[in-house]
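First comes the structure, then the notes that go with it.
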Amino acid sequence: MSSYGLHRVLHPAGVLPQQAWRLDADDTCGPDEVVLDVERLNLDAASYRQLREQHGVEGVRRAVLDIVAERGKVQNPVTGSGGMLLGTVRAVGPDSPLGLRVGDRVATLVSLTLTPLRVTDDLRRWDGASEQVPCTGTAVLFGRSIAAVLPDDLPDELALSVLDVCGAPALTDRVVRRRTAPSVLVLGGGGKSGSLSLAAARRAGAGRLTALVPTDAEADAVRAAGLADTVVVADARDPVAVADAVDRPADVTVVCVDVPGCEHGAILATADGGTIVFFSMATSFPTAALGAEGLAADVEMLIGNGYVPGHAAFALDLLRAEPAVRALFEHRQTQQA
């Protein structure tokens, strides 16, 4: 049995679970596995947007069910991404290194694209209007998986929203601390990962903080929260509009949008010698690399892989310490309810 989950790969043989087309989602617990009773899925923002745009709110439930039935996991065939989930530990294998106990309520900190999943309730409680999906089923964690026990002081939906993007503020903190008072630009600064990244950058010693958002309503919300020194409105998919809106290139640019086509704008908005961190699963990394080359842009580009040691506790502490960030999260949940 493999701690990477190789034994759960049905097709094609020899690849890791994230690369696999289909996984074995049988709920029998292996020696180093943990089996969860699933309560809620959290689709990543890029995947949910794509599915909703393609199938409509009325058809997105069937689309997700079809993906799970075909693949034994949630992996959007267009974006390649999935999300994460909330559940209760049903069984723990004797060799599991995760430190979880039967009855623990946890959020998984690994992608649904590599998590064996069975859905047993036809997602009948989900109306398709939110990326959070009430769900009954089972999921399997491997020896190399990661999960966080849910905190007692936060509502489940709120904690799940934060943990879904907890890698973004943690890596933003690390990148900002490498420099002395860098200017920081966050594309998508009004969203979940964007607002947390702004708060993390401020705490890490950022100099000028700029948030770019797509609408005046989001701009008003971010200004009211006091998360940025400057808030600008522009379409992140329009490179010239982004460059014009931010006025001065940033030392660090953090991309937290959930739509494709934002790579060139991030490059134009970043100073030579600066760093771009791509957190969006809608990012085309060939487009980013070739775009920087074509623009003769001397920028370091990082892929936000979603994992930094201590990232879950870091993000939850940010939410607790920053009432304005919590208010943005709660407002977003109210809109989706």
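A few points about this structure:
- Single residue of the range 70-91 satisfying the filter (of a type in the set (Val, Ile, Thr) and more than 12 Å from ASP37 (Cα to Cα)) that is modelled with the highest pLDDT: VAL74
- Residue-level analysis places ARG90 among those that are among the basic types (Lys, Arg) and more than 23 Å from the chain's Cα centre (by Cα).
- The range 88-104, residues that are over 14 Å from THR28 (Cα atoms) and in contact with a Pro (Cβ under 6 Å, 6 or more places away or on another chain): ASP95
- Of the residues making up the range 27-55, just one is free of Cβ contacts under 8 Å to residues at least 40 places away in the same chain, out of contact with any helix residue (DSSP H, G or I) (no Cβ under 9 Å at 6 or more places or on another chain) and either outside the structural domain of TRP126 (by TED's automatic domain parsing) or not polar (S, T, N, Q) (or both), namely GLU53.
- The listed residue being in a helix (DSSP H, G or I), in contact with a helix residue (DSSP H, G or I) (Cβ under 8 Å, 6 or more places away or on another chain), touching a residue at least 12 places away in the same chain (Cβ under 8 Å) and among the aliphatic types (A, V, I, L, M), out of VAL78, VAL74, VAL60: VAL60
- When restricted to residues that are touching a Gly at 6+ places or on another chain (Cβ under 8 Å) and on the phi > 0 side of the Ramachandran plot, the range 280-312 contains 1.
- The range 238-305 holds helices (runs of 4 or more DSSP H) entirely within its bounds, and those carrying 1 or more residues that are of a type in the set (Phe, Trp, Tyr) and surrounded by fewer than 18 Cβ atoms within 10 Å (Cβ to Cβ) map to 285-294.
- Helices (runs of 4 or more DSSP H) within the range 142-220 that include 3 or more residues under 19 Å from ILE276 (Cβ atoms): 167-177, 192-203
The values are calculated or read from the model by the stated rules, or taken from the named source; none is laboratory data. The structure presented is a predicted model; accordingly, all values stated were derived computationally and were not measured. Positions of Cβ are backbone-derived with ideal geometry, glycine not excepted, and every protein chain shown enters the neighbour counts.
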